[in-house]
Amino acid sequence: MRIIALVGLMGSGKSQVGQALARRLGWTFADTDAEIEARDGRSIPAIFRESGEADFRAVERAVVRGITKRRRMVVATGGGAVLSAASRRLLYEAGPVFYLRVPVEVLAGRLGADPGRPLLGDDSYAALERLSAERETLYADRTIPVDAAAPVDRIVDEILGYLADARRRVRVDLGPRTYEVRVGIGALALLGVDLHGLGARGRVAVVTHRALARRFGEDVTAALEAAGFAPHVMAVPMGERAKSLQQAGRLYDALAEAGLARIDTVAALGGGVVGDLAGFVAGTYMRGVRLVHLPTTLLAQIDSSIGGKAAVNHPRAKNLIGVFHQPALVVADVETLRSLPPRERQAGLAEAVKYAMVLDAELFGVLEGQENAAARRWSAQQAEEIVFRCASLKARVVETDEFEEGPREVLNYGHTVGHAIEAALAGRYVHGEAVAIGIRVEGQVAVRLGLLASEEARRQDALLARLGLPVSLPPGPAGPLLDAMRLDKKRRDGRIRCTLPEGIGRARLGVEVSETLLGEVIHACQESS
Ligand SMILES: NC(=O)c1ccc[n+]([C@@H]2O[C@H](COP(=O)([O-])OP(=O)(O)OC[C@H]3O[C@@H](n4cnc5c(N)ncnc54)[C@H](O)[C@@H]3O)[C@@H](O)[C@H]2O)c1
Ligand SMILES: [Zn+2]
């Protein structure tokens, strides 16, 4: 969603509604007629008189093309802009198009005899009726109709309501801590409206990386400011090392400096690192302030932003110091994923394969069907489908086990081995890659234990490989990996346990696995074999 366009007959209120809508979103406003006049140097009636309608439409098309390349802009189109199929297509591709419908009687009353309207002539009522009849089907084509006889504020509310409802919603039902994950293309544009809806007000500390602040910071701060919030952007360093008590300390300083109080909000704009750090700080500062996750990596959108786990690392162990602090809202704008490096996207897809294997055979089919999931051509619509499905699965699991006392273990598939790979081969793989290899290894364990059919394991491994994920370990002794598994903080009584699939879409939790079997399978999953 780069722009929002308004179409409709002259007098339908496109400029007024457009300006008011832009103000509510913190976007800019443009009017194609005004841009045409600026570009041509003559007034619209003069262009019509001197050059004719065909010339005017040509300039109009060029202006529409230029405008649809911009971002965060509400565009009021001239009444005839939709006559051109090319202009219509450009508008639809750039974002939602709202059709402001007003009965001809109302229009005629609003316009009277306006000398600035070259198409109206003397009998404005008859002219409007003719235009309306001619254009109705064009205006209605792929647009969202809005009753524009209503007052401007009501029309704007209706448009905002439509945009809010167009996002997919996942409810995470946790009693008094219930919240929603709002997934969609351009979902962040409504952040201010969303927060307002939660009854929030005051300051919002936006915790993010500097690079992400450059990319998305203005989208977020403008949306917040437009809804009356005072945003403070706080940049933290990139990488796992940012998840430290030292960085948390610096954030506490910054929050105190900005005067953040109990009623205020912390927003985490970024991947799992920002989410964990900001979540930890939000959960502890003043014994907990409102937290909003604005995840920008696939992993964060489908996993880390949902469930309320937040932690920083300790020199002795990852995620050793943490809290459970549920967000009040998660906004997963899949458009942010466009700029995500392919490797990071693939890492997220490994978690999606995990969800599919242990919980959802249908998701497995969807992933298999998205042939270009690992490629540049992965569309925002495809991403939305995956994010929505995975977020829903995570939500269901979290609902059954908010504090990770048992059932949440289902999400550990691939992670017993994956964490060991991360520990023993530090720095070689990002988390999702280690999990992908872990999934292959643990899948083989499941096959050896007679839980998973080898054909199903083959399909799983083929999917991982097609998503561009590693599925083999480098050659070497299994010892360091087994040592790491023995030390894993999730082990009980020194035995290694795994969540294993019993077919695609079903899992068995806490399966004890012998080191001998693991050693054999690890060797079988090495590159040379
Ligand atoms: N709390 C939980 O439940 C939970 C669950 C899983 C993982 N985690 C944690 O999440 C962390 C990993 O998260 P991650 O994989 O998102 O990594 P990350 O947060 O480090 O992000 C990966 C990289 O992508 C960049 N980036 C983020 N969004 C971008 C965008 N839209 N465009 C371009 N670049 C972008 C980041 O700046 C970073 O360099 C780990 O610390 C892990 O422990 C937490
Ligand atoms: Zn994981």
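Numbers at a glance
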read-out	value
Flag if residue 150 is surrounded by 13 or more Cβ atoms within 10 Å (Cβ to Cβ), assigned by TED's automatic domain parsing to the domain that holds residue 8 and among the small types (Gly, Ala, Ser)	yes
Residue that is surrounded by the most Cβ atoms within 10 Å (Cβ to Cβ), among those in the stretch 44-83 that are β-branched (Val, Ile, Thr) and part of a loop (DSSP other than H, G, I, E, B)	77
Answer residue from the stretch 178-198, given it is in contact (Cβ under 8 Å) with a residue 24 or more places away in the chain and assigned to a loop (DSSP other than H, G, I, E, B) and is nearest to residue 327 (Cα to Cα) among those	198
From the options 427, 450, 414, residue that is free of Cβ contacts under 8 Å to residues at least 40 places away in the same chain and within 15 Å of ligand 1 (Cβ to nearest atom)	427
Within the stretch 93-108, tally of residues that are exposed (fewer than 15 other Cβ atoms within 10 Å of the Cβ) and more than 18 Å from residue 127 (Cβ to Cβ)	1
Subset tally (residues that are closer than 18 Å to residue 456 by Cβ and assigned to a loop (DSSP other than H, G, I, E, B)) for the stretch 502-519	5
Within the stretch 351-375, considering residues that are farther than 20 Å from residue 470 by Cα and of a type in the set (Asp, Glu), the one nearest to ligand 2 (Cβ to nearest atom)	360
Selection count where residues are modelled with pLDDT under 95 and small (Gly, Ala, Ser), scope the stretch 515-529	2
Qualifying residue in the stretch 468-477 (condition: in a helix (DSSP H, G or I), in contact with a Lys or Arg (Cβ under 9 Å, 6 or more places away or on another chain), at pLDDT 95 or above and among the polar types (S, T, N, Q))	no
Condition check for residue 281: in contact (Cβ under 8 Å) with a residue 24 or more places away in the chain, in contact with a strand residue (DSSP E or B) (Cβ under 7 Å, 6 or more places away or on another chain) and either aliphatic (A, V, I, L, M) or assigned to a helix (DSSP H, G or I) (or both)	yes
Qualifying residue in the stretch 382-401 (condition: surrounded by fewer than 20 Cβ atoms within 10 Å (Cβ to Cβ) and either in contact with a strand residue (DSSP E or B) (Cβ under 6 Å, 6 or more places away or on another chain) or in a loop (DSSP other than H, G, I, E, B) (or both))	yes
Which listed residue, of 205, 227, 213, is within 16 Å of ligand 1 (Cβ to nearest atom), at pLDDT 95 or above and not polar (S, T, N, Q)	213
So residue 404, is it touching a residue at least 60 places away in the same chain (Cβ under 8 Å), within 13 Å of ligand 1 (Cβ to nearest atom) and surrounded by fewer than 18 Cβ atoms within 10 Å (Cβ to Cβ)	yes
When residues of the stretch 370-381 are limited to those that are in contact (Cβ under 8 Å) with a residue 60 or more places away in the chain and small (Gly, Ala, Ser), the one surrounded by the most Cβ atoms within 10 Å (Cβ to Cβ)	373
Hits in the stretch 243-254 - residues which are of a type in the set (Lys, Arg) and more than 13 Å from ligand 1 (Cβ to nearest atom)	250
Lone unmet requirement of (1) over 21 Å from residue 435 (Cα atoms); (2) within 16 Å of ligand 2 (Cβ to nearest atom); (3) of a type in the set (A, V, I, L, M, F, W, C) for residue 280	(2)
Sole exception among (1) assigned by TED's automatic domain parsing to the domain that holds residue 487; (2) part of a helix (DSSP H, G or I); (3) more than 13 Å from ligand 1 (Cβ to nearest atom) for residue 432, by number	(3)
Criterion violated by residue 76 - all others in (1) hydrophobic (A, V, I, L, M, F, W, C); (2) farther than 16 Å from residue 28 by Cβ; (3) at pLDDT 95 or above satisfied	(2)
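Per-residue answers, yes or no, for (1) more than 19 Å from residue 501 (Cβ to Cβ); (2) within 16 Å of ligand 2 (Cβ to nearest atom); (3) at pLDDT 95 or above:
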site	(1), (2), (3)
389	no, no, yes
397	no, yes, yes
400	no, no, yes
406	no, no, no
410	no, yes, yes
414	no, yes, yes
417	no, yes, yes
423	yes, yes, no
428	yes, no, no
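Yes/no matrix, rows are residues, columns are (1) touching a Gly at 6+ places or on another chain (Cβ under 8 Å); (2) free of Cβ contacts under 8 Å to residues at least 12 places away in the same chain; (3) farther than 16 Å from residue 321 by Cα; (4) within 11 Å of ligand 1 (Cβ to nearest atom):
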site: 239; (1), (2), (3), (4): no, no, yes, yes
site: 256; (1), (2), (3), (4): no, yes, yes, no
site: 260; (1), (2), (3), (4): no, no, yes, no
site: 265; (1), (2), (3), (4): yes, no, yes, no
site: 271; (1), (2), (3), (4): no, no, yes, yes
site: 275; (1), (2), (3), (4): no, no, no, yes
site: 289; (1), (2), (3), (4): no, no, yes, no
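So that you can scan it fast, the table gives a plain yes or no per residue for (1) out of contact with any helix residue (DSSP H, G or I) (no Cβ under 8 Å at 6 or more places or on another chain); (2) at pLDDT below 95; (3) surrounded by 12 or more Cβ atoms within 10 Å (Cβ to Cβ):
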site	(1), (2), (3)
112	no, yes, no
140	yes, yes, yes
145	yes, no, yes
160	no, no, yes
165	yes, yes, no
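The values are calculated or read from the model by the stated rules, or taken from the named source; none is laboratory data. Remember, it's a predicted structure, so these values are computed and weren't measured experimentally. Glycine also receives a Cβ, built like all others from the backbone with ideal geometry; neighbour counts cover every protein chain displayed.
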